[in-house]
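I have placed the structure first, in the form of structure tokens, so that the comments after it can refer back to it.
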Amino acid sequence: MTPRLSSPLIALDPVVIDTETTGLDTARARIVQLGAVCIRDGGISETGLFDRLVNPGEPIPEATTAIHGITDRMVSGEDPFEVVAADFARFIGDAAIVGHNVGFDMAMLKREYALAGLECPSPPVLDTLSLSRIANPALPEYSLEAVAGWLGIQAEGRHTALGDAMTTARVFLALLPRLRQAGIRTMADAHRATIALSQRLSEQARHSVDPDTAGVFASAE
């Protein structure tokens, strides 16, 4: 059943996703790996895992391979996204989606679905980066490693889609009691708090970012 805004966060059974890509430009990059982890009954389902390499149909830049380790040879015999998409959609079903800086992953999925001529799913989405900012505004940075370290979580398999999805799932579960302490208990609470955070960051940017770098901040946001 599709989660409602009134659904308690602690009662969600979301799917945590991550993508590895050919680059960071969501208007041009392609997905080379999809990873996803199911959360069931307040814990990680060790059997509910999705891990697929994807043939992007174009060369993977060496600089990108240096980060995630995925080479042209590794994906040469793999299915393109339009084939993987059906399995991925079945895996997600009607669950809510969780990710760290999940806007990037959803933008990449939207692009891939469009290129494949398919309709992109639009599930409810929760971003652990934003939720971490809400739970602890004093952290010096909010990378997945930094947030995991704050929560006492070992980030394993970094820069692999399944490894990052697994770490993000553990981060999400560890954030739940801290979010409850902040009065954020439901999807609606999280949605309102995320909007308020975005508005606050935008206001800070307007007052503190040098005009020469404002475009860079807007792009990053």
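The values are calculated or read from the model by the stated rules, or taken from the named source; none is laboratory data. Keep in mind that this is a model prediction, so the values were computed, not measured. Neighbour counts run over all protein chains shown; Cβ positions are idealised from the backbone, glycine included. These accessible areas exclude ligands, DNA and RNA; they are computed on the full protein's heavy atoms, side chains included. Shrake-Rupley method; radii C 1.70, N 1.55, O 1.52, S 1.80 Å.
Give me the distance in nm between label points sitting 7 Å out from Cα along the Cα-to-Cβ direction at N101 and R178, one decimal.
Between N101 and R178, the label points sit 1.8 nm apart.
For the chain, what's the relative contact order in percent, using C-alpha pairs closer than 8 Å and at least 6 residues apart? Each step should come with its number before you reach the end.
Numbers: 341 pairs, mean separation 53.8, N = 221.
Here the relative contact order equals 24 percent.
Return the label of the correct value of Rg/Rh (Cα atoms, Kirkwood Rh), as calculated from the structure shown, out of (1) 0.96; (2) 1.09; (3) 1.21.
Read-out taken from this structure: (1).
GluC sites (Glu not before Pro), restricted to the stretch 74-153: which are DSSP loop and have at most 12 other Cβ atoms within 10 Å? Display every interim value, and only then the final one.
Working: sites: E78, E82, E112, E119, E141, E145; in loops: E78, E119, E141.
Loop-located and lightly packed - E119, E141.
Between A89 and I10, what is the spin-label point distance in nm, taking each point 7 Å from the Cα along the Cα→C-beta axis?
Distance between label points: 3.6 nm.
Determine the equivalent ellipsoid of the stretch 148-190 by diagonalising the alpha-carbon gyration tensor, then write out the semi-axes as square roots of 5 times the eigenvalues, largest first, rounded to whole Å. If you can, show how the numbers build up before the last one.
Working: eigenvalues 111, 27, 6 Å².
That gives 24, 12, 5 Å for the three semi-axes.
Ignoring any ligand, DNA or RNA, what whole percent of the accessible area of the chain comes from carbon and sulfur when the probe is 1.4 angstrom? Could the numbers behind the result be given before it?
On the way: 5970 of 11390 Å².
Ligands and nucleic acids excluded, carbon and sulfur give 52 percent.
Of the candidates L144, L34, L118, which one comes out as most mobile in a Gaussian network treatment of the chain with C-alpha springs shorter than 10 Å?
Among L144, L34, L118, the largest mean-square fluctuation in the Gaussian network model of the chain belongs to L118.
Skip the ligands, DNA and RNA, and give the accessible area per residue of the chain with a 1.4 Å probe, whole Å². List each step's numbers first, then the result.
Values: 11390 Å² over 221 residues.
I get 52 Å² per residue for the chain.
May I ask you to evaluate 6.51 cos²θ - 1.76 cosθ + 1.60, the Karplus curve with θ = phi - 60°, for each residue of the stretch 80-91 and list the ³J(HN,Hα) values in order in whole Hz, giving x for glycine and proline?
x, 4, 4, 7, 5, 4, 5, 5, 5, 5, 5, 5
In 5 Å bins starting at 0, how do the alpha-carbon pair distances of the stretch 1-44 split up by percent?
With a bin width of 5 Å, the distribution comes to 5, 19, 19, 15, 12, 12, 15, 3.
Once the mean 1/r over all distinct Cα pairs of the stretch 58-150 is inverted, what Kirkwood radius in angstroms do you read off?
On the way: mean 1/r = 0.0639 Å⁻¹.
Evaluated over the stretch 58-150, this radius sits at 15.6 Å.
In whole percent, what relative contact order does the stretch 18-58 give with Cα contacts below 8 Å and a gap of six or more residues?
On the way: 58 pairs, mean separation 14.3, N = 41.
So the answer I get is 35 percent.
Subtracting the Cα-Cα distance from 0.36 nm times the residue separation, let me have the gained length for M74 to R28 in nm, one decimal. Numbers along the way, then the final one.
Numbers: separation 46, 0.36 × 46 = 16.56 nm, distance 2.08 nm.
Length gained between M74 and R28: 14.5 nm.
If each of E62 and A205 carries a label point 7 Å out from its Cα toward its Cβ, how far apart are those two points in nm?
3.4
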